[in-house]
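Asks: Encoded as structure tokens, here's the structure I'll be asking about.
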Amino acid sequence: MTYYFGFALANDHQAQLDALLTKHASGEYSEPDEISRLAIMGVDGVVHALAINVIALLRDENGDGTALLDKVAKLVLKTMHGLLGQLLGNVSIEEQDKLAAYMLRRRVDLPQGRLFGYQLSSEDG
């Protein structure tokens, strides 16, 4: 049996990412602000899937007990937004090639849909 670690991106994000990768595959490079916007959406997806959604599951019926974790997750989001804006503000063609290759390696197509993730080793599965 094959095991995967992954999660579905928001539909609009997945569609925009797929369009960007299709353009890239045809030799059309993107503006840095478009790459930054999609990267920020990706970070949001990862933090929501691995932190904010998990924190929501841990809340008790009063909503107490996870406020600090929720604040930390939101602080991580704000920090990553700023860092990605600076980091990706001037992306070269070579760097775009590397980013596209990375995103394609993280694409997992299953009968249930497309995930952002990767295949696990048999041992980890």
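The values are calculated or read from the model by the stated rules, or taken from the named source; none is laboratory data. The shown structure was predicted, so the numbers you read here are calculated from the model rather than taken from an experiment. Using ideal geometry, Cβ is built from the backbone for each residue, glycine included, and neighbour counts are taken over all protein chains shown. Accessible surface is based on the protein model in full, side chains and every heavy atom, while ligands, DNA and RNA are left aside. Shrake-Rupley method; radii C 1.70, N 1.55, O 1.52, S 1.80 Å.
Asks: Looking only at residues that are in contact with a helix residue (DSSP H, G or I) (Cβ under 9 Å, 6 or more places away or on another chain) and open to solvent by less than 60 Å² (accessible area, probe 1.4 Å) in segment 17-31, which one is farthest from GLY125 (Cα to Cα)?
Replies: Checked segment 17-31; the qualifying residue farthest from GLY125 (Cα to Cα) is SER30.
Asks: Considering every residue within segment 70-89, establish whether at least one is closer than 25 Å to ASP18 by Cβ, touching a residue at least 40 places away in the same chain (Cβ under 8 Å) and not in a helix (DSSP H, G or I).
Replies: yes
Asks: Same structure again: Give me the pairs, please: first residue somewhere in segment 45-63 and under 24 Å from MET80 (Cα atoms), second residue anywhere and in a loop (DSSP other than H, G, I, E, B) and modelled with pLDDT of 80 or more, beta-carbon distance under 7 Å, and either six or more positions apart or on two chains.
Replies: Once the first residue is under 24 Å from MET80 (Cα atoms) and sits in segment 45-63, its partners that are in a loop (DSSP other than H, G, I, E, B) and modelled with pLDDT of 80 or more give GLY45/LEU9; GLY45/ALA10.
Asks: When only residues in segment 90-125 that are among the basic types (Lys, Arg) and in a helix (DSSP H, G or I) count, which is farthest from GLY42 (Cα to Cα)?
Replies: Of everything passing the filter in segment 90-125, LYS98 is farthest from GLY42 (Cα to Cα).
Asks: Mind checking which residues of segment 34-55 are open to solvent by less than 70 Å² (accessible area, probe 1.4 Å) and either modelled with pLDDT under 75 or of a type in the set (D, E, K, R) (or both)?
Replies: Once the filter is applied, which keeps residues that are open to solvent by less than 70 Å² (accessible area, probe 1.4 Å) and either modelled with pLDDT under 75 or of a type in the set (D, E, K, R) (or both), segment 34-55 yields GLU34, ASP44.
Asks: Name every residue in segment 7-60 that is charged (D, E, K, R) and not in a helix (DSSP H, G or I), in order of residue number.
Replies: Hits for segment 7-60 are GLU28, GLU31, ARG59, ASP60.
Asks: How about segment 19-40: which of its residues are within 13 Å of the chain's Cα centre (by Cα) and in contact (Cβ under 8 Å) with a residue 12 or more places away in the chain?
Replies: ILE35, SER36, LEU38, ALA39, ILE40
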